[in-house]
1. Among all stretches of the chain without exposed trypsin sites (Lys or Arg not before Pro) (DSSP loop, at most 16 other Cβ atoms within 10 Å), which one is longest?
2. Assuming a ≥ b ≥ c are the square roots of the Cα gyration tensor eigenvalues, decide whether the chain counts as rounded (a/c under 1.5), prolate (otherwise, with a/b larger than b/c) or oblate.
3. Roughly how many Å is it from the Cα centre of the stretch 29-55 to that of the stretch 1-23, as a whole number?
4. Could you check how much of the accessible area of the chain is carbon and sulfur, as a whole percent, using a 1.4 Å probe?
5. Which of ILE78, ILE17, ILE54 moves most in a GNM of the chain, Cα contacts under 10 Å?
6. Whole number in Å², please: accessible area per residue of the stretch 1-77, 1.4 Å probe, ligands, DNA and RNA not counted.
Amino acid sequence: VELSCIIKSTETPDPRIEWKKIRDGETSYVFFDNKMQGNFVTRAEIVSRTSLVIKNTTRMDTATYRCEVAAPSDTKTIDEINIQLTVQ
């Protein structure tokens, strides 16, 4: 599955991108400090600089995924998008 986080324009040369998983009120990192975290290390990757691809998804991957972008040189320095993923 591919979760898209598209940055339309930015003045910051290398904005910080983080992906988080929110499930049952608990938040955990998926992509932090430019690398995959936890059980996503072996089955997920970042494509097109910002989008998250998760391979071999299971029901345990059902959650809200948040893409956070920090661009300190921009007028709007932080933005985020929440994507609800439901695996049947």
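The values are calculated or read from the model by the stated rules, or taken from the named source; none is laboratory data. Only a predicted model underlies this, so the values are computations on that prediction, with no experimental measurement involved. Reconstructed Cβ throughout: ideal geometry from the backbone, glycine too, with neighbour counts over all protein chains shown. Just the protein is used for accessible areas: all its heavy atoms, side chains included, with ligands, DNA and RNA removed. Shrake-Rupley method; radii C 1.70, N 1.55, O 1.52, S 1.80 Å.
1. Maximal segment without exposed cleavage sites: 9-42.
2. It comes out prolate by the Cα gyration axes.
3. Between the Cα centre of the stretch 29-55 and that of the stretch 1-23, the gap is 11 Å.
4. 47
5. Maximum fluctuation in the GNM of the chain, among the listed residues, is at ILE78.
6. The answer is 64 Å² per residue.
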